[in-house]
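Notes to accompany the following structure.
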Amino acid sequence: MTERPSVLLVDDRRENLIALEAVLQPLDCRLVSVTSGEAALRRLLHEDFAVILLDVQMPVLDGFETAQYIKRRERTRNIPILFVTAISKDRAHVFRGYEAGAVDYVFKPYDPEVLRAKVAVFLRLHATSRALARSEAVLRAAFECAPIGMGRLDAEGRVLEANPALARTVERDAAWLEGRNLRSLVHAEDADADAGDRAALLAGLRGSYDVELRLLTPAGDEVPCLCSFSAAQVAGEPDALVVQIQDLRDRKRAEAEREALVREQAARAEAERVAGRLEAVARLADAALGSASVQDIVQELLLGVGEVMAADTAAIVLTGRGGEQPMLHHVDGSVRATLRSMRWTPPEEGPAARALAGMTVVVDDVGLEAAGAHPLSERVRSLLAVPLRGDGEVVGALLAGSLFARTFGVEDLSVLALAADRAGLAIQRMRLYEQEHAIATRLQRSLLPRELARIPGVATAARYSPGGAGTQVGGDWYDAIGLAHGRLLLVMGDVAGRGVEAASMMGQLRSAIRAYALQGDGPATMLTRLNAFLLQLADDSMATVLLASVDHRAGEVTLVSAGHLPALLVAPGGESSWLTRGRGVPIGALDEPGYDEATEPLEPGSTLVLYTDGLVEQRGEDLRSGLDRLEASVLDGPPDLDALCDHVLRRANPAPGSDDVTLLVLRTVSATDERVVLEMPGGTRGLAGLRATLRRWLAASDAAAEEIEDITIAVNEAVQNAIEHGHAARARPFEVELWRDEEEIAVTVRDRGRWREGCAAGRGRGIPLMRALMTDVVIDRGPSGTTVTLRRRLGSGEAAPQAGREQPRTLGG
């Protein structure tokens, strides 16, 4: 409850004090009356007052002198003083009162309403000031006592203020940090990691961003941190930044604490068994703790309660998380009854509400309770309800009911309470476990590419599956990077270990390979540089990496392996082989590993499979067995690549373990396919690859050299039109489909843009050229894109002229 404010009344005449008390009695305040200035000063030493009403004419210390003493003290300097006097209204007296520190001068006889209104104003001011002071104290305490590092920065990144947690993180004094640029504490390799995000934040283009940075201690030790930056605008001050710094080393400590909690629970269970405390409790608790999910814990507990307590019905209500409605799990009938789960809104009163509030409830006659006050069957006559607690927090309620009148005794209460206690811990732990597992999985997937690079003539698909139900991320990753001249670099890697450190290392290695690939290095050079990069990051970490540079136009793949399992190559005819050449030691093992490349032929229609060890390794089994399963699953898999990936995961890894599984499959376009669909990346990057694929496919269709040249030129014009007109020269993906029907070749180019006419002089000759080179050209333009279909009958000589053909049809206006 809010403390009532106090008002100090000072007058040497008792009748005046009684009159003041009567006037101010209606106000919500505490009135303290004293009869001298000395008594007032003694009161002010130990008590706080919202306002002081002070008489001017008093013996020993008059009102002026008393006010001066009050204003000299730091504790009482800001208390407003109202002089209440019957002396002359002479200006000299009034001015002296204000000089002594009074905020107002009230002359007797005074109007009670006016005096009461003035005091009420100061009471409200006092309440507002106290609330503001508390708010500022709370904010300051939140800043100073925050468990994670917090600081205010100026636009240049200099520290304006740092809390103790931030100072502890970097092992320095908070005063030392003030005025220094935060970047001076960041590892040199991370100094510009957030430069773009910082500029966007200061420009008002985004409200906040997160970045992982390594901070340095005075001893040079690296502290991996998650830094959250946000803009903070304070009136009258320049724009500033707020940073929250979370030390990621705490996660290991949290994991150790969770392990300690599990050990504590196990010890408690052992103590209960040794003491012989109700075998039924042990059965219920063991069933809950042995479950793999919250749903399993609930089902085992409810079925066990029905059996052990001979209850006709039982239910668990779990409190909602993140604003969710509470969940009701209910079993009604025999021990083999089906568990029913649904969202449920608890009533404001009744057994369920009291149990959720942390109370134990025993109801001998449910008929005396309000209808709907519990989630059990309407036929229940007696019930028992206890709270479910986890780490001191009520996470739900456990209820057991009887269809017949029954008195639940002390033993029943003990059994259900102990079972609820153990189950509450298990549910809380499992909720946290499932939540962290979901977070870990999202983090791992965020570090993998959202989509693979698109190269005409090549199709790719990939899968990632986290290992087991653990809460730690792994170090597996894959990538597909488009290179110059229509080549594609496939990457498959596995960093040793698990957890945030392995995931962070994986992200850095993936970024480094992408950078090396853009510089045009060969696979062996990339691995050599990646080895040096890893040795600089950590001298006790290793990773296996396999690089495969695919040149489908030349029909070859160049591989180099740093201790990784060999890739599997399946030829168009179904012959399979393991690509074991070009193998070396894992990166991070040697200073100068000396990697060598190996080039293998890659026929059109071939399938290349890259993977990590989690796909083929099983505990207690020879690796050869896992490789044989992988090979068999690829050979008997469906033709579609996505379906093939799912098939391989099911067949090659029938008993998933604790290791992550990563799979990357590539297939080159077969020249013998009747129908081929090519996903173009957009822009002119894939044109050379498209032309090479088209020529091979036409040659396999027995097209003459002149026909191949004509069709290639016409398709190239259609694609150029899609890029220039349909997409306004922006790199948007589009599709090219090839198919043959007896002696006729057809090519369809589909874009997703709106047609724009060229405006440059000498342009506009593409469509006449296509008509001159092809037997038939049809153009459908619509609001969602343009489709150009070109047909050419092979073996009929030159294409027939189409000068008299009707103009292209336009769909949708």
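The values are calculated or read from the model by the stated rules, or taken from the named source; none is laboratory data. Worth saying up front: this structure is predicted, and the values here are computed from it rather than measured. Every residue, glycine among them, receives a Cβ derived from its backbone with ideal geometry; neighbour counts consider all protein chains shown. Each accessible area value is taken on the protein alone, full model and side chains, heavy atoms only, with ligands, DNA and RNA left out. Shrake-Rupley method; radii C 1.70, N 1.55, O 1.52, S 1.80 Å.
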Exactly one of Arg340, Arg389 is within 16 Å of Val298 (Cα to Cα), open to solvent by 40 Å² or more (accessible area, probe 1.4 Å), touching a Gly at 6+ places or on another chain (Cβ under 6 Å) and modelled with pLDDT of 75 or more, and that residue is Arg389
If we keep only residues of the stretch 403-413 that are open to solvent by 40 Å² or more (accessible area, probe 1.4 Å) and more than 20 Å from Gly367 (Cβ to Cβ), then the residue nearest to the chain's Cα centre (by Cα) is Leu413
Considering only helices (runs of 4 or more DSSP H) wholly within the stretch 1-86, the ones with at least 1 residues that are small (Gly, Ala, Ser) and open to solvent by less than 10 Å² (accessible area, probe 1.4 Å) are 37-46, 63-72
In the stretch 293-323, anything at pLDDT 70 or above, farther than 18 Å from Arg389 by Cα and part of a loop (DSSP other than H, G, I, E, B) is listed as Met309, Ala310, Ala311, Asp312
- Query: Going by the conditions given, is Leu530 open to solvent by less than 40 Å² (accessible area, probe 1.4 Å), touching a residue at least 40 places away in the same chain (Cβ under 8 Å), in a strand (DSSP E or B) and in contact with a helix residue (DSSP H, G or I) (Cβ under 7 Å, 6 or more places away or on another chain)?
  - Reply: no
Of the listed residues (Ala165, Ala141, Ala127), the one being over 30 Å from Leu31 (Cα atoms) and surrounded by 13 or more Cβ atoms within 10 Å (Cβ to Cβ) is Ala165
Query raised in the report: Given the structure, is Pro604 surrounded by 14 or more Cβ atoms within 10 Å (Cβ to Cβ) and either in contact with a Gly (Cβ under 6 Å, 6 or more places away or on another chain) or within 21 Å of Asp494 (Cβ to Cβ) (or both)?
Result: no
Residue check for Val94: open to solvent by less than 80 Å² (accessible area, probe 1.4 Å), over 30 Å from Arg198 (Cβ atoms) and among the hydrophobic types (A, V, I, L, M, F, W, C): yes
When every residue in the stretch 357-386 that is assigned to a loop (DSSP other than H, G, I, E, B) and among the β-branched types (Val, Ile, Thr) is compared, the one modelled with the highest pLDDT is Thr360
Picking from Arg454, Arg510, the residue that is charged (D, E, K, R), touching a residue at least 12 places away in the same chain (Cβ under 8 Å), more than 24 Å from Arg249 (Cβ to Cβ) and surrounded by 17 or more Cβ atoms within 10 Å (Cβ to Cβ) would be Arg454
